[in-house]
Each structure stands twice: as C-alpha cells, then as structure tokens.
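*Asks:* Next up is a structure, given as structure tokens.
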Amino acid sequence: MIDNRLEYQKMYDVERTLWWYQILHNKVLTQIKKHFGGINPELKIMDAACGTGGLLSFLKEQGFKNLSGFDYSSHAVDFSLERNLDVGPGDLKRVEDFRPSEMYDVICCNDALYFLTDDEIVHTLSVFKKRLKPNGIIIINIHAFEAFSGTHDLAVGSSRRFVLDDFIGYSKRADLKIDYRTYWPFLLSIPIWVVRQFQKYQIKKGLVNVSELDSDVKYPGDFINGLLHLTMKTEETMLSSGPFGSSLFLVLK
C-alpha cells in the first residue's frame, strides 16, 4: 500500500465518515480520557504511521493541541499536509530518528506493525517506550486472526495477522505491560468472516485479478454505514472487552 496512491486517496476520502474509522478513533479517545482523567489539551501525542491523518484530525477537533505524526509513504504525508497537520516522513523501523529529542504522553500506531518482522516489532515497541513521558501510554490497533484475511490484506500489503499471545510476547520482550485489550468488531465477526472466505475462494479459483485488488475502504452508503456504526456502539455498551474479532486493540504502558 505504501506506493499505492489510490488506496491513500480512498482512505483520505472516507476516513472521517466510515463507521470503522469512527469507532477506532473513538476507542483511542476513550482510552486517552480514561488514562488521563479527561481531555488535557496539552498532552503531547504522536501518531506513528499516521496514514492520511484521520486520527490526528479527529483528536485536533476534540481539543488536543500538541499533535504530530509520521508515515513512510510520501502519499500519506501529502494527504496529511492537506489537512494542515504536523506530519513528516518517518520509518517505523527507525522511530528513534523522528524528532529524537521529543517525548510523548501518547503514542498511537494503528494497522501498520504488520509491515515488520517479530524482532522489528519488539524494537519499535522498545523505542516507543523510551519516547514516552512518565505515565505515558502506547495505543495499538492491528489486524487479527488469519481466518479474517482476504482481498483487503493483499491490497494493503499485509502478509499476516496477529493474536493477543503475539503481543503478550512482544510486550514482555520490550518490557511493557498490556493495560487493556479487546478484539473487535465481535458482533460483526460472522459476516466479515463469510465475506473474507468468499474472497479467498474467488482468489483460489482465479475469479479476481490479484494485481488489481482493492481494499475494504469503501463507504457503503448512509443507511448501512449508520447501521454498522450503531451495531458497534451497541457492542461497546455490552462488552468491555471483546473475545473475538478481525482487529486487536491494545493499550500498553
């Protein structure tokens, strides 16, 4: 996905309206408010591998002032700059090189660590820890369970998915602890699984052109989008931590 400007354009177009991004961004906000006792505008927040800047824009609207981020893709950086965000080039494998003198209260890294090997993930988490201020937190979202892999993974360049045990191991090696974790979306697991299994069948039978695959980043229309958003808000009311889902959301400290 790094060199796929079209995918970043699609993300830029829907990142503020698509139900999935809205739920993820609110999950991040909820954990920040929970940990720091509300919204402190002076908290220093970095979004590592920030994509087109949707999360940073959302947090800016919530009143946070000290926001910055980086991304390896020049396309992502360009789109973030169009949102007037403090974003520059950077590499998850070398987080220590991005503004090395700065420390952060919150470091976010959503749906990007799959580009790295196990050892590189441990290194990145270790650097995140060194870049945290006292009482700081790391927030991560990542693709979960191979059963949910499909055309989306191929389109964005994801070669694998993760489970909680993976991050238990990474966290121990990086001398971090998992403060909160949940799989999501639990209530939508079955329909997502069905769609992804059908996609795998199509790939196996050669019914789709693998070189021209698109991700799942598409706006489904107001009614479906609202219904999916409502389903996820219901899930959050019912479950403090989901047992299964296509994504794994974590807070480390």
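This table checks each residue for (1) farther than 13 Å from Ser68 by Cβ; (2) of a type in the set (A, V, I, L, M, F, W, C); (3) part of a loop (DSSP other than H, G, I, E, B).
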position: Phe79; (1), (2), (3): yes, yes, no
position: Gly88; (1), (2), (3): no, no, no
position: Val95; (1), (2), (3): no, yes, no
position: Ser101; (1), (2), (3): no, no, yes
position: Val106; (1), (2), (3): no, yes, no
position: Ile121; (1), (2), (3): yes, yes, no
position: Leu125; (1), (2), (3): yes, yes, no
position: Lys129; (1), (2), (3): yes, no, no
position: Lys133; (1), (2), (3): yes, no, no
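*Asks:* A further question follows. Answer yes or no as to whether Thr52 is touching a Lys or Arg at 6+ places or on another chain (Cβ under 8 Å), in a loop (DSSP other than H, G, I, E, B) and not basic (Lys, Arg). Please lay out each step first, then the result.
*Replies:* Working: touching a Lys or Arg at 6+ places or on another chain (Cβ under 8 Å): yes; in a loop (DSSP other than H, G, I, E, B): yes; not basic (Lys, Arg): yes.
So Thr52 fits the description; yes.
*Asks:* Would you please name the residue that is modelled with the lowest pLDDT, looking only at residues in the range 209-253 that are of a type in the set (Val, Ile, Thr) and closer than 14 Å to Thr17 by Cα?
*Replies:* Step one: filter the range 209-253 for residues of a type in the set (Val, Ile, Thr), giving 210, 217, 224, 231, 234, 237, 251.
With closer than 14 Å to Thr17 by Cα added as a condition, the list becomes 217, 224.
Details: Val217: 76, Ile224: 96.
Residue satisfying both the conditions and the ranking: Val217.
*Asks:* Out of all the residues in the range 190-208, is one or more farther than 24 Å from Trp20 by Cα, surrounded by fewer than 18 Cβ atoms within 10 Å (Cβ to Cβ) and in contact with a strand residue (DSSP E or B) (Cβ under 7 Å, 6 or more places away or on another chain)?
*Replies:* The first filter runs over the range 190-208 and keeps only residues farther than 24 Å from Trp20 by Cα, leaving 201-208.
From what's left, surrounded by fewer than 18 Cβ atoms within 10 Å (Cβ to Cβ): 201-208.
Okay, now just the ones that are also in contact with a strand residue (DSSP E or B) (Cβ under 7 Å, 6 or more places away or on another chain), so none.
No - not one qualifying residue is present in the range 190-208.
*Asks:* Could you tell me whether Leu125 is over 23 Å from Glu42 (Cβ atoms), of a type in the set (A, V, I, L, M, F, W, C) and without any contact (Cβ under 8 Å) to a residue 60 or more places away in the chain? First the steps, then the outcome.
*Replies:* Details: over 23 Å from Glu42 (Cβ atoms): yes; of a type in the set (A, V, I, L, M, F, W, C): yes; without any contact (Cβ under 8 Å) to a residue 60 or more places away in the chain: no.
In short, no.
*Asks:* Further question: Just for the range 155-167: of the residues that are out of contact with any helix residue (DSSP H, G or I) (no Cβ under 6 Å at 6 or more places or on another chain) and not charged (D, E, K, R), which one is nearest to Arg196 (Cα to Cα)?
*Replies:* The selected residue is Ala155.
*Asks:* Picking from Tyr104, Tyr72, Tyr12, Tyr8, which residue would you name as being touching a residue at least 40 places away in the same chain (Cβ under 8 Å) and under 24 Å from Leu227 (Cα atoms)? Reasoning before the result, please.
*Replies:* Numbers: Tyr104 fails: under 24 Å from Leu227 (Cα atoms); Tyr72 fails: under 24 Å from Leu227 (Cα atoms); Tyr8 fails: under 24 Å from Leu227 (Cα atoms).
On inspection, the qualifying residue turns out to be Tyr12.
The values are calculated or read from the model by the stated rules, or taken from the named source; none is laboratory data. No experiment lies behind these values; they were computed from the predicted model shown. With ideal geometry, Cβ positions are generated from the backbone for all residues, glycine too; neighbour counts draw on all protein chains shown.
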